[in-house]
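First the structure, in the form of structure tokens, and then the observations on it.
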Amino acid sequence: MTAHKTAQNVRKVTILTRMRADDWLEELVQLYEYRVEDLVFGRSPRGDRHSFQALRETLLFSDALDGAARSRLMQTERQFRELQRQGRVHFSVATQLRQAPSPASDLQDTLQRLSDRLWESDVRRWLFARLWATRSEPRLMPLRLLSTVSDNLLRQQRGQVAGPLLTLEAALEAGLTGLPQIEALSNILLTLLSTAGGRERLDRAIQDLEQQETAAPAPGPAGLPGTLPVQAEDRQLLSRTAAAIRLLLSRWPARNPVRGSAELLTPDLQETGAPVLAVNLSELEEPRSVHWRELALQLRRCGPDAEMRLGERGAGEKERCLALRGDLPAELRLWSFDLGGQLIHAVLEDDLLLLRSERAAPRALQVLANRARLCIYLAQPHQAFAPMRLARAAALLLRGRTLEGTDLSAASAARYAAATPPQLGQLAARGLEALLALSSALPEWQRTQRLQEAAQALGLSPAEGQLMSELLGTAGLPDLIFDPQVLRSGGLPVHRTFALLDWPAVPVELDVDGQQVRLSGHPPRSPDEEAGLGAELENLPPQPLDDLLAWPLEQASLSLVRHEGWLAYTTIPYGAQQGLPA
């Protein structure tokens with residue numbers, strides 16, 4: 001009886017505490033309504049801009065508001081945004097916050113926070129790029145594994161039993177290779193990776209799934225001679241992928257490894273090439289102009305806020321204009337855009353603006369990088385070069401030819417096994433170009449149907465044909481290419497993500513997991529020609545690099561792409577060719 005009463009009292013206290021929290025939040029909603037009502041009637045709300053913004057963000061990011069209170073909040077928020085659009089938001093005491101520059105210690109703390117926010121943005125970009133790249137993995141194993149694990153963690157919170165590994169067919173049916181799904185999965189993983197507890201939960205869920213699948217029934221009969229049964233193939237891919245991801249988790253950068261530093265815009269500074277520039281807006285009284293990394297930077301005060309214009313030097317060139325408003329939510333005070341061959345990042349907090357520049361690859365180079373990744377996908381040796389055999393069979397069907405026995409036998413893969421890396425890369429590039437040319441006029445459903453027919457004729461799952469069809473449908477999209485300095489300084493792994501490479505003025509050697517590839521350039525032979533570039537393996541003749549190169553080497557694959565004077569590359573270790581590398 002005593003225990004029962006104690007439990008009842010605990011429930012009462014919990015309910016009362018929740019009611020008091022709800023009442024407190026409803027009072028804050030009512031206060032927010034009063035503040036916005038003042039703005040509607042042209043009055044300056046009590047308090048300053050920063051206290052108003054703190055109230056607003058507290059309510060908008062609260063998960064404890066009930067339906068009625070949240071409905072009132074969103075109605076008031078829409079009213080406030082309309083006032084913002086009309087320029088009718090004014091605070092009479094906002095200028096009191098700009099009396100003097102912040103002390104050096106406060107300035108350094110703010111600078112570190114801004115640097116951390118840019119690093120978090122880099123991590124988000126990198127994670128999305130890695131997930132996008134794994135669409136080209138055998139049987140989508142990394143995406144299937146991570147999607148299953150994230151779903152099992154949600155099941156665990158609900159007290160439900162963990163589910164089995166997502167099949168390739170189910171993954172494709174769910175649209176796992178699409179941009180929205182990859183972005184959603186990236187957001188989920190980013191939340192888990194941001195804390196030590198989240199990384200531990202992710203690691204434990206991967207272990208549990210691997211053990212669960214290992215204890216599954218034995219696989220069915222094999223397909224072609226020399227190949228593994230599909231279930232056995234999935235188990236091997238799962239083990240390699242799980243090991244690679246767990247190693248990546250153990251080495252994950254828990255925090256920004258770089259101390260926040262930047263060149264500070266001083267009154268006498270007229271031109272600078274510093275990659276990171278900090279601007280203390282509290283000192284901005286008169287309009288300022290400065291040349292920053294071949295760009296024209298202009299700053300001026302607009303009432304309590306400020307405005308920044310950044311453009312290419314010269315009349316009629318491109319320009320970007322940013323309204324530097326401290327009343328915006330934090331996610332709207334972070335900007336990224338391409339300008340003048342550079343990727344510009346800007347982040348604002350209080351009176352400090354931080355600008356960072358990095359090299360930005362042209363879109364043409366990014367599209368070539370995506371195609372080079374698809375060539376590596378075709379050249380993968382799993383299941384007796386199944387992607388290459390599937391590409392060849394699909395090309396024959398698209399040309400209207402009936403598949404014969406010699407087209408379907410395992411011996412048809414012998415030509416690929418005996419090929420040198422440059423030869424196999426050339427075969428993959430030709431196969432990709434043939435498939436793109438033959439399927440370009442077909443609607444998506446018909447292209448998928450033909451590739452599924454080719455997969456079935458080879459004894460593969462129709463899902464393998466559907467996967468190849470989806471990859472062909474996105475061949476014209478760009479792949480993210482990073483400035484290598486961003487990856488190095490941020491502590492992010494460089495494998496599997498394309499990074500810019502300096503044009504070799506003298507011969508250089510790339511180390512591809514212990515195997516050396518020699519790059520050498522030569523000047524153009526005539527004014528109408530571009531500079532030449534060649535890649536060479538030991539004991540093999542050099543191969544010219546026209547637009548892309550995809551070589552499956554002994555321990556890793558190498559992809560190189562070039563466009564005009566730009567060059568980028570990536571390496572794919574075979575230990576991670578079935579998963580994410582460490």
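Regarding segment 263-350, what's the average projected area of the Cα-atom convex hull, expressed in nm²?
Details: hull surface 23.1 nm².
Here the figure is 5.8 nm², rounded to one decimal.
Once the Cα atoms of helix 141-157 and of the chain are each reduced to a long axis, what angle between those two axes, in degrees from 0 to 90 to the nearest 10, is obtained?
So the inclination is approximately 40 degrees.
Check which residues have an amide H placed less than 5 Å from Leu343's amide H, if you skip close sequence neighbours.
For Leu343, the qualifying residues are Glu358, Arg359, Ala360.
Where the accessible area of the chain is counted over protein heavy atoms with a 1.4 Å probe, how much of it, in %, is carbon and sulfur?
52 percent
At a probe size of 1.4 Å, how large is the accessible area of Leu166, to the nearest 10 Å²?
So the heavy atoms of Leu166 present about 50 Å² to solvent.
Taking loop as defined by DSSP and a crowding limit of 11 other beta carbons within 10 Å, which GluC sites (Glu not before Pro) in segment 255-344 fit?
Glu285
From the phi of every residue in segment 205-214, what ³J(HN,Hα) in whole Hz does the Karplus formula 6.51 cos²θ - 1.76 cosθ + 1.60 yield, where θ is phi - 60° and glycine or proline is x?
Each residue's phi maps through the Karplus curve to give 5, 5, 4, 4, 5, 4, 5, 5, 6, 5 Hz.
Roughly how many Å² is the accessible area per residue of the chain, as a whole number, for a 1.4 Å probe?
49 Å²
What's the ranking of 449-455, 297-303 by average number of surrounding C-beta atoms within 10 Å, highest first?
Highest to lowest by the protection proxy: 449-455, 297-303.
Tell me, what HN-Hα J-couplings in whole Hz come from the Karplus equation 6.51 cos²θ - 1.76 cosθ + 1.60 at θ = phi - 60° for each residue of segment 162-169, using x for Gly and Pro?
Calculated HN-Hα couplings, in order: 5, x, x, 4, 4, 6, 4, 4 Hz.
On a 0 to 90 degree scale, rounded to 10, what angle separates helix 363-378 from the longest Cα axis of the chain?
40 degrees
Using alpha carbons only, how many degrees (0 to 90, rounded to 10) separate the axis of helix 421-439 from the longest principal axis of the chain?
70 degrees
Over all directions, average the projected area of the Cα convex hull of the chain and note it in nm².
On the way: hull surface 143.3 nm².
Mean orientational projected area (the chain, Cα hull): 35.8 nm².
In what sequence, highest mean first, do 467-477, 352-362 appear when ranked by Cβ atoms within 10 angstrom?
352-362, 467-477
The values are calculated or read from the model by the stated rules, or taken from the named source; none is laboratory data. Predicted, not measured: the structure shown is a model, and the values here were computed from it. When we count neighbours, we look across all protein chains shown, and the Cβ atoms used for this are built from the backbone with ideal geometry, even at glycine. Remember, those area values only see protein heavy atoms, side chains included, never the ligands or the DNA or RNA. Shrake-Rupley method; radii C 1.70, N 1.55, O 1.52, S 1.80 Å.
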